[in-house]
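Below is one structure; the comments refer to it alone.
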Amino acid sequence: MKLLVISSAPIVELNGKLHLYAPYEKEMQLWAKYADAIQFCCPIWREDKKLLIAPISFKVDTIVALQEFDITSFSNKLKAIPLAFLALVKIFKAMKQADHIHLRCPGNIALLACFVQILFPNKPKTAKYAGNWDPKSQQPWSYRLQKWILSNPFLTRNMQVLVYGEWEGSSKNVKSFFTATYSEEEIGRLGDEGTRRWGDQVKFLFVGTLSKGKQPLYVIQLVEELYKRGEKVILELYGEGVLRKDLEHYIAQNNLETIVTLKGNQTKETVLKGYQNSHFLILPSKSEGWPKVVAEAMFWGCVPIASPVSCVSYMMGNGNRGIVLQEVLNQDVSQIITIIKDQDLYQKMAFEGQTWSRQFTTDKFEAEIKKLLRE
């Protein structure tokens, strides 16, 4: 079976070796495992543009190189016309030769592929929509168009569209999906270490890029306000980003050095220990698909505090497995204090989150991919 993968995500060629964005590469190992041959239809970069990349560990049979383009302004749209036309031709030829077509959405190249796949109603297809599938969310018109085409069973046939969360009114094309970090073996080997102990301090954790979209400053302000109200709290932030200097300045200016620490980028093992040793994860993100850090935290008994974007409310059981942020400081602090003061409620939330998240292991993820390719 020849698998065709069409994506806006680039293959990065450095020193004669092919690389992908590291989490993407790890997932594609599983898709390649159940295909006889795999072909990519995507841009190729000849330089490292600060992506977290990993060498491709599976055999890539061919790459159809596509030119990147954007449609954010009128002039860019004019420049994009010939590039898009050429990409449409290449995508059509690649689809014609493939046995299974796999789209990675959303993106400009994925949008073109959404149109072309209509011409192949009898070929088995999958699309992974890694963005926010919430029909009520504010999104670019190109994203909304992709979602409309993919979920339309008249235009899009013989395809399973993998989305994060469960959405009322979804068409038969749409299948609720997930992503995973940890295996069944890791549950057995590390599971008991995830049991939380309520000590003298309440420990908070942030894992993500230090960017406006993730709102790390709001994380610090939440913990700062808890501290001002007499709670014994500490916060560690894992990750790097453009806001680091601003955050360092805020911490120094407000004398928070004793309770807030910027830890920078950390290994998977260190992050895992962070989940196991923290009581709460805070993620006031403005945009997500399936926020892995929320599922990872729950996996190890750490209660998430997160904004209700995309499928986050679904993941947290609408407040049964985590605290849903209102992004109003006093209200959010009051919610957190309520849980801090009720240890039984905290333990119940942690247990329910762990039970729910441990359904989604890498073993199950691989089994689901195998099923998608064999159906």
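Between F74, F40, which is out of contact with any His (no Cβ under 9 Å at 6 or more places or on another chain) and open to solvent by less than 60 Å² (accessible area, probe 1.4 Å)?
That would be F40, the only listed residue that is out of contact with any His (no Cβ under 9 Å at 6 or more places or on another chain) and open to solvent by less than 60 Å² (accessible area, probe 1.4 Å).
State which residue is nearest to N265 (Cα to Cα) when the search covers only the stretch 58-72 and only residues that are assigned to a loop (DSSP other than H, G, I, E, B) and of a type outside the set (V, I, T).
My answer is F58.
In the stretch 85-107, what count of residues is obtained for those that are in contact (Cβ under 8 Å) with a residue 12 or more places away in the chain, within 21 Å of D70 (Cα to Cα) and surrounded by fewer than 21 Cβ atoms within 10 Å (Cβ to Cβ)?
Total satisfying the criteria: 4.
Could you tell me how many of the residues in the stretch 45-66 are farther than 18 Å from K90 by Cα and aliphatic (A, V, I, L, M)?
Residues flagged as farther than 18 Å from K90 by Cα and aliphatic (A, V, I, L, M) within the stretch 45-66 amount to 5.
Across the stretch 243-272, which residue is most open to solvent (accessible area, probe 1.4 Å) among those that are over 19 Å from L52 (Cβ atoms) and part of a strand (DSSP E or B)?
My answer is T261.
Of everything in the stretch 326-360, what is closer than 22 Å to T179 by Cβ and of a type outside the set (F, W, Y)? Give them in sequence order.
A350, E352, G353, Q354, T355, S357, R358, Q359
Which residue pairs have Cβ atoms under 9 Å apart, sit 6 or more places apart or on different chains, and have a first residue in the stretch 355-375 that is under 22 Å from K125 (Cβ atoms) and open to solvent by 30 Å² or more (accessible area, probe 1.4 Å) and a second that is modelled with pLDDT of 95 or more and hydroxyl-bearing (S, T, Y)?
E366/Y34; K370/Y34; R374/Y34
Any residue at all in the stretch 275-292 that is of a type in the set (G, A, S), open to solvent by 20 Å² or more (accessible area, probe 1.4 Å) and touching a Leu at 6+ places or on another chain (Cβ under 7 Å)?
no
Can you list the strands (runs of 3 or more DSSP E) found entirely within the stretch 1-57 that contain at least 3 residues being within 22 Å of E375 (Cβ to Cβ)?
Per the criteria, 2-7, 37-42.
Which ones in the stretch 150-169 are in contact with a helix residue (DSSP H, G or I) (Cβ under 7 Å, 6 or more places away or on another chain), open to solvent by 30 Å² or more (accessible area, probe 1.4 Å) and not in a strand (DSSP E or B)?
L155, E166
The values are calculated or read from the model by the stated rules, or taken from the named source; none is laboratory data. Treat the numbers as computed from the prediction; the structure is a model and nothing was measured. Note: ideal-geometry Cβ built from the backbone for every residue, glycine included; neighbour counts use all protein chains shown. To get the accessible areas, we keep the full protein, side chains included, count just its heavy atoms, and leave off ligands, DNA and RNA. Shrake-Rupley method; radii C 1.70, N 1.55, O 1.52, S 1.80 Å.
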